[in-house]
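The values are calculated or read from the model by the stated rules, or taken from the named source; none is laboratory data. Because the structure is predicted, anything quoted here is derived from the model rather than measured. Every residue, glycine as well, gets a Cβ built from its backbone with ideal geometry; the counts of neighbours run over all protein chains shown. These area figures cover heavy atoms from the full protein model, side chains too; ligands, DNA and RNA do not enter into them. Shrake-Rupley method; radii C 1.70, N 1.55, O 1.52, S 1.80 Å.
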Amino acid sequence: MWDWTHTKKRLNLKDYPGMTWGCSHVATVRHHGVDTQYYYLGGYLRGNGKYVSGYVYSGNVTEGTNHDYAGQSIVYPNEFSNSSNYLHYIQTGHYQKLARQIVKLFPNTPVDLGLSKIAAYNYAADDEGVLWYEDKEPVSTKGYSDIISLKSVNNYLYKHKTASNATKLAGLKKELVKAGYPASKRASLSGYKLGIYIVNNIPDKYGAVIQDGGYGHASVFALILGKKDASSTN
């Protein structure tokens with residue numbers, strides 16, 4: 001990524017494999033009689049939230065959503081293409097350690113992307129501004145039935161968002177028992193899917209996630225159960 005004069009290198013894209021950059025305009029550069037297109041890209045760097053922009057040769061980038069999720073701090077529900085894609089993110093994401101631990105508590109309840117979107121947008125305990133925008137409506141639950149809200153669990157996690165993962169997990173287990181889902185019940189669940197979306201107190205020092213308010217971190221905790229209709233293709 002170069003500055004406008006193409007003399008100062010700002011960064012190497014290869015050092016940020018999980019980034020999805022935004023493009024504001026295209027520039028044509030003529031060098032020795034040859035025209036070359038450059039995209040003006042910008043984005044908040046993963047890890048420190050610093051905003052960086054500059055010109056990148058068009059042949060070095062591809063239009064679309066970046067599916068290299070492991071190093072990304074936040075990936076929004078609508079950026080995933082299917083349940084397998086989403087589960088891979090949970091299994092490999094640097095900021096998904098708590099989510100991985102929660103998934104293990106439901107050994108026979110597969111993670112479902114559609115249900116996770118419902119969990120995130122309809123049932124989450126979250127910092128204002130992370131997922132919601134003004135006048136945004138809850139997502140449709142079409143294709144799912146017998147949705148079980150685990151609101152007390154979500155609220156507990158949010159209330160203790162600055163606690164360690166060990167503390168969160170211990171409290172979560174107690175809340176699940178109170179809600180009627182001890183380990184034995186969770187292990188015996190049949191036909192249910194797991195909706196889960198976790199943003200676990202990630203750094204937001206530069207306000208890349210929460211534009212107004214916040215305290216330098218962002219949190220979203222959403223967990224539900226539900227059944228997928230047999231006719232559903234979601």
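Applying the criteria of a DSSP loop state and at most 15 other Cβ atoms within 10 Å to the chymotrypsin sites (Phe, Trp or Tyr not before Pro) of segment 126-197 yields Trp132, Tyr133. Loop-located chymotrypsin sites (Phe, Trp or Tyr not before Pro) in segment 1-87 (DSSP state not H, G, I, E or B) with no more than 14 neighbouring Cβ atoms inside 10 Å: Trp4.
Take the Cα of His25, step 7 Å toward its Cβ, do the same at Glu128, and the gap between the two points is 3.6 nm. Under the combined filter of DSSP loop state and at most 11 neighbouring Cβ atoms within 10 Å, segment 58-165 retains these trypsin sites (Lys or Arg not before Pro): Lys136, Lys142. Length available on full extension from Asp146 to Lys185: 0.36 nm per residue minus the Cα-Cα distance, which gives 12.4 nm. Residues whose amide H falls under 5 Å from that of Leu194, counting only those 5 or more places apart or on a different chain, are Val111, Asp112, with hydrogens built in the peptide plane.
Each part gets one Cα centre, and for segment 138-171 versus segment 1-79 those centres are 35 Å apart. Ligands, DNA and RNA left out, the 1.4 Å accessible surface of segment 31-162 is 47% carbon and sulfur atoms. The solvent-accessible area of Thr92, taken with every protein chain present and a 1.4 Å probe, is close to 60 Å².
With a length cut of 18 Å (Cα positions projected on each helix's long axis) and a Kyte-Doolittle mean of at least -1.0, go through the chain and give me the DSSP H helices that pass.
Working: long enough: 165-178 (20 Å, -0.32).
Counting only whole DSSP H runs, the qualifying helices are 165-178.
Computed from the Cβ-Cβ distance with R0 of 35 Å, the FRET efficiency linking Trp4 to Glu79 stands at 0.70.
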